[in-house]
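Undergrad: If you scroll down you'll find the structure; I have some questions about it.
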Amino acid sequence: MAEIELKHVCKTYENGFEAVKDFNLKIADKEFIIFVGPSGCGKSTTLRMIAGLEDISGGELYIDGVKMNDVSASDRDIAMVFQNYALYPHMSVRKNIAYSLKIRGEKKDVIEQKVQEAAEILGLKEVLDRKPGQLSGGQKQRVAMGRAIVRNPKVFLMDEPLSNLDAKLRGQMRVEIASLHHRLESTFIYVTHDQTEAMTLGTRIVVMKDGVVQQVDTPQNLFRYPANQFVAGFIGTPPMNFMEGVFDYKNQQLAVRTNDGIAIPLTEEKVKHALERADVAGKAVVAGIRPEHLRLLKDGEEETAFISGEVDVYEMLGSEAIVYVKQPGNENRIIAKVDADTHLKPGDRIRLAFDLEKVHVFDKLTGQTITN
Ligand SMILES: Nc1ncnc2c1ncn2[C@@H]1O[C@H](COP(=O)(O)OP(=O)(O)O)[C@@H](O)[C@H]1O
Ligand SMILES: [Mg+2]
């Protein structure tokens, strides 16, 4: 059982730099929580404060209702797995995994049993007598996890554990970590800068930027209802397309008129949300549409709102294709996901229609969403 709560937690480093600002989060027992955001946004700092490896400058940290600010790392019943594995090179896999138990003074047969269990779960039985230098990157990462598992901690903390692995192995290990969480039934907090990893692993995701939490939600909700333009652009690949413009409010109808002269009418529900925020007429906004929510129009097909442009790049991915579209007088290319059997080529003139239910609008000044 491990419930973790951070209340107004902040971190100011000795040089005065504020790395984490007013971090508030309640993590339920057995949750798989992800901290995601660009490099330098304060993910590792927050994780290290939870682990007790970094002092908390302000606010409170609770584990199962007990304040932990002044409890030492070794007394927090937390295990941490690092990006660089931190294995002892001169020790065998068996000894690496057993190390913390030995230090703790566990009996030999207890240690051996726990090492065997961990090796079984992680598929390391064949390599227990090897040294780290004789292992692949994926195996090293498993040994690092084995060292955490044998301690049977309340909480697992992982800081970019897969970022030293190649793409294919990363995909495999992702699945293994998900199944590990399922088997161990402990609370996991996992740091990554990779939104795909975040979306596939997390029960909830904390999106951070510049030391500030931007949004905390399930992967589905982050994708569907981003709270601001940063989250909208960070979650999803290829990223959401953004178009600057102004609100045009006439006869109870609200549309975004983009700088490229496209009028995007808003659905009734979006209009309702927008009007709740007052002063819509003439407001400077940014419209957003994801590549998967643009549809290639056939010749002669009519639609109210569409983008027209010229194919710049056509990327075939097998099951689908990504098309990058140039618009006259606009540096930014529009990205769309289209069927794999649309055989487009550079220079083709195409039109892309908006799925109007899926249009987002953000306040240009604050970046906050206006339409959900
Ligand atoms: N010991 C330190 N002293 C001063 N600044 C630091 C220290 N450690 C990290 N930082 C700064 O704090 C910010 C957050 O760092 P970090 O938590 O490691 O980010 P992330 O893990 O999201 O990449 C960065 O700008 C980093 O340079
Ligand atoms: Mg980090």
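Every residue, every condition in (1) outside any helix (DSSP H, G or I); (2) within 16 Å of ligand 1 (Cβ to nearest atom); (3) charged (D, E, K, R), yes or no:
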position	(1), (2), (3)
E54	yes, yes, yes
N69	yes, no, no
K140	no, no, yes
A144	no, no, no
F156	yes, no, no
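Undergrad: If you take just the strands (runs of 3 or more DSSP E) that sit entirely in the stretch 291-372, which of them hold at least 2 residues that are of a type in the set (V, I, T)? Write out each step before concluding.
TA: Numbers: elements: 294-296, 306-316, 320-327, 330-339, 349-354, 360-363.
Fully inside the stretch 291-372 and qualifying: 306-316, 320-327, 330-339.
Undergrad: Now, a different point. Determine if the stretch 296-303 includes at least one residue that is under 17 Å from H360 (Cβ atoms) and open to solvent by 10 Å² or more (accessible area, probe 1.4 Å). Show your work before the answer.
TA: Taking the stretch 296-303 and keeping what is under 17 Å from H360 (Cβ atoms), we get none.
Within the stretch 296-303, not a single residue is under 17 Å from H360 (Cβ atoms) and open to solvent by 10 Å² or more (accessible area, probe 1.4 Å).
Undergrad: Where in the stretch 174-281 are there helices (runs of 4 or more DSSP H), lying wholly inside it, with at least 2 residues that are within 16 Å of ligand 2 (Cβ to nearest atom) and either out of contact with any Gly (no Cβ under 8 Å at 6 or more places or on another chain) or of a type outside the set (A, V, I, L, M, F, W, C) (or both)? First the steps, then the outcome.
TA: Numbers: elements: 195-201, 219-224, 229-234, 268-275.
In the stretch 174-281, 195-201 are the helices (runs of 4 or more DSSP H) which contain 2 or more residues that are within 16 Å of ligand 2 (Cβ to nearest atom) and either out of contact with any Gly (no Cβ under 8 Å at 6 or more places or on another chain) or of a type outside the set (A, V, I, L, M, F, W, C) (or both).
Undergrad: Oh, and also: For L165, only one of the following conditions fails: (1) without any contact (Cβ under 8 Å) to a residue 12 or more places away in the chain; (2) among the hydrophobic types (A, V, I, L, M, F, W, C); (3) in a loop (DSSP other than H, G, I, E, B). What is its number?
TA: Every listed condition holds for L165 apart from (1).
Undergrad: Restricted to the stretch 5-34, and to residues that are of a type in the set (S, T, N, Q) and in contact (Cβ under 8 Å) with a residue 24 or more places away in the chain, which residue is nearest to ligand 2 (Cβ to nearest atom)? Give the derivation first.
TA: Step one: filter the stretch 5-34 for residues of a type in the set (S, T, N, Q), giving 12, 15, 24.
Narrowing further to those that are in contact (Cβ under 8 Å) with a residue 24 or more places away in the chain: 12, 24.
Details: T12: 18, N24: 20 Å.
Per the stated criteria, the residue is T12.
Each row is one residue, and each column tells you yes or no for (1) over 29 Å from E185 (Cα atoms); (2) near ligand 1 (Cβ under 8 Å from one of its atoms).
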position: A2; (1), (2): no, no
position: Y13; (1), (2): yes, yes
position: I27; (1), (2): no, no
position: K43; (1), (2): no, yes
position: R48; (1), (2): no, yes
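Undergrad: As an exercise: evaluate L162 against (1) at pLDDT 90 or above; (2) within 16 Å of ligand 1 (Cβ to nearest atom) and give the number of the one condition it does not meet.
TA: (1)
Undergrad: I would also like to ask the following. Could you check L124 against (1) closer than 25 Å to T187 by Cα; (2) touching a helix residue (DSSP H, G or I) at 6+ places or on another chain (Cβ under 9 Å); (3) without any contact (Cβ under 8 Å) to a residue 24 or more places away in the chain and say which number it fails?
TA: (3)
Undergrad: So is V280 open to solvent by less than 50 Å² (accessible area, probe 1.4 Å) and either touching an Asp or Glu at 6+ places or on another chain (Cβ under 6 Å) or modelled with pLDDT of 95 or more (or both) or not?
TA: Details: open to solvent by less than 50 Å² (accessible area, probe 1.4 Å): yes; either touching an Asp or Glu at 6+ places or on another chain (Cβ under 6 Å) or modelled with pLDDT of 95 or more (or both): no.
No: the conditions fail for V280.
Undergrad: When you scan the stretch 204-227, how many residues do you find that are open to solvent by 10 Å² or more (accessible area, probe 1.4 Å) and either of a type in the set (G, A, S) or modelled with pLDDT under 95 (or both)? Write out each step before concluding.
TA: If we filter the stretch 204-227 for residues that are open to solvent by 10 Å² or more (accessible area, probe 1.4 Å), which is where we start, we get 204, 209-210, 212-221, 223-225, 227.
From what's left, either of a type in the set (G, A, S) or modelled with pLDDT under 95 (or both): 227.
The qualifying residues number 1.
Undergrad: Just to be sure, is I34 touching a strand residue (DSSP E or B) at 6+ places or on another chain (Cβ under 7 Å) and outside any loop (DSSP other than H, G, I, E, B)? Walk me through how you get there before you give the answer.
TA: On the way: touching a strand residue (DSSP E or B) at 6+ places or on another chain (Cβ under 7 Å): yes; outside any loop (DSSP other than H, G, I, E, B): yes.
When the stated conditions are applied, I34 passes them.
Undergrad: In the stretch 149-170, how many residues are open to solvent by less than 60 Å² (accessible area, probe 1.4 Å) and touching a helix residue (DSSP H, G or I) at 6+ places or on another chain (Cβ under 9 Å)? Break it down stepwise before answering.
TA: Keep residues of the stretch 149-170 that are open to solvent by less than 60 Å² (accessible area, probe 1.4 Å), which gives 149-150, 153, 155-163, 165, 169.
After this cut, where a residue has to be touching a helix residue (DSSP H, G or I) at 6+ places or on another chain (Cβ under 9 Å) as well, the list is 149-150, 155-163, 165, 169.
Number satisfying all stated conditions: 13.
The values are calculated or read from the model by the stated rules, or taken from the named source; none is laboratory data. Predicted model only: the values in this text are computed from it and were never measured. All Cβ positions, glycine included, derive from the backbone under ideal geometry; neighbour counts span all protein chains shown. Just so you know, the surface numbers come from the protein's heavy atoms only, side chains and all, with ligands and any DNA or RNA stripped out. Shrake-Rupley method; radii C 1.70, N 1.55, O 1.52, S 1.80 Å.
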